[in-house]
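Below is one structure; the comments refer to it alone.
Readers should treat all values here as calculations from the given coordinates under stated rules, not as data from a laboratory. Computed from a prediction, not measured in an experiment: that's the story for all the values here. Note that we place each Cβ from the backbone using ideal geometry, even for glycine, and neighbour counts take in every protein chain shown.
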């Protein structure tokens, strides 16, 4: 059976992760083209996979304009740049693996889901939490009746104070008009995951949250506009020099450092902190997305869920408690414990180690591997994040945002 030929559109953090993971399944797939406007990221992927010069381009439109020359495309551009390439490659009947979100408005999500169905392509959205070994084990426990009927779910995403400052205060996801709401860009994963666990459609939703901390009025009187010029930088938990320089000096030139400077040297990093967005005081940015949010959902089967997104938090794995009629399950991404109401005892459950380690407990690799298998064999049963189900959970995110902004409960039947 021949290898699946893959185009990568968007060579930043997520595109690079998938490019690296494709080397783990090189017997089944190969990267034949890459489109990315930034030279450093494009050239890295091209060199990683030996992509011919004519197939290493800055604009995806150049590749989409050609007659179809590959089997599949991975789209990992910025949020507002998902819809156009996805529609263009679907029209050419490329199979598509698309980073979330589908699109940044509901009409775009509907259009893309319809295109995937119309062209009958393998289409998978990168809801990687569905594919983790943790989730697979948890689903098997629920299916085995370990806690009976699910009644409610409490789910926490502790984004991490530094991760939030990097991405949602200083970084590319800081403004809704340039990206999307923080709920859509960061936590579509979580709303989708909760729906997957409860295994029922959402019925109604309410949400509360706002931007209350990373605001100009909270800036200390003697703080400078940039951390490199600030007299109190050493006392600030959000010091950009401390965060980025400690990493590069320790040899960590990963996604955080690369976001600031494509050339991973200390000199270039300092220059970018002096002049670029990542060197700004967190109280002197132009961010407008919420820094904390809660979402409450009632599902069609009567179960409820409470989700919390915490921007100011200690970074860590998501934490969940699922309350059932016979017991409850607690998990933190690495371990599971099952409490029985009947016996009053708790049983610790081992989560299998992922086949290939990645940032999401095997979820990135498993997602990619199932997509490649589906394209290769035509068997789509391993894809649990198709267009239609993703459309539903995106609609839930949009409905939650409407609730937050209009201070009301939103009925999903009215919203859709």
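Details
- By the beta-carbon count within 10 Å of each Cβ, the least crowded to most crowded order of 135, 253, 343, fewest first, is 343, 253, 135.
- With the alpha-carbon atoms of the range 347-416 aligned to their principal axes, the span from lowest to highest coordinate is 45, 38, 23 Å, starting with the largest.
- Value of relative contact order over the range 218-279, rounded to a whole percent, pairs C-alpha under 8 Å and six or more apart: 29
- As a rough footprinting exposure proxy, the listed residues 58, 250, 385, 124 were ranked by other beta carbons within 10 Å of their own, and the order from fewest upward is 250, 58, 385, 124.
- log₁₀ of I(q)/I(0) at q = 0.06, 0.09, 0.11, 0.15 Å⁻¹ - the chain, Debye sum with one point per alpha carbon: -0.25, -0.59, -0.89, -1.51
- Sequence of 412, 81, 1 once ranked by neighbouring C-beta atoms within 10 Å, starting from the fewest: 1, 81, 412
- Under 20 Å from a label point set 7 Å out along the Cα-to-Cβ vector of residue 255, the amide N atoms of the range 83-115 belong to 83, 97-104.
- Mean separation of Cα contacts under 8 Å (6+ apart) over length of the range 142-242, as relative contact order %: 17
- For the chain, calculated [θ]222 nm from helices alone, where every DSSP H run of n ≥ 4 adds -39500 (n - 2.57): -10500 deg cm²/dmol
- Contact order relative to length of the chain, as percent, for alpha carbon pairs under 8 angstrom and 6 or more apart: 22
- Largest mean-square fluctuation among 359, 130, 226, in a Gaussian network model of the chain whose springs join Cα atoms under 10 Å apart, belongs to 359.
- Difference of contour (0.36 nm per residue) and Cα-Cα distance, residue 80 to residue 117: 11.1 nm
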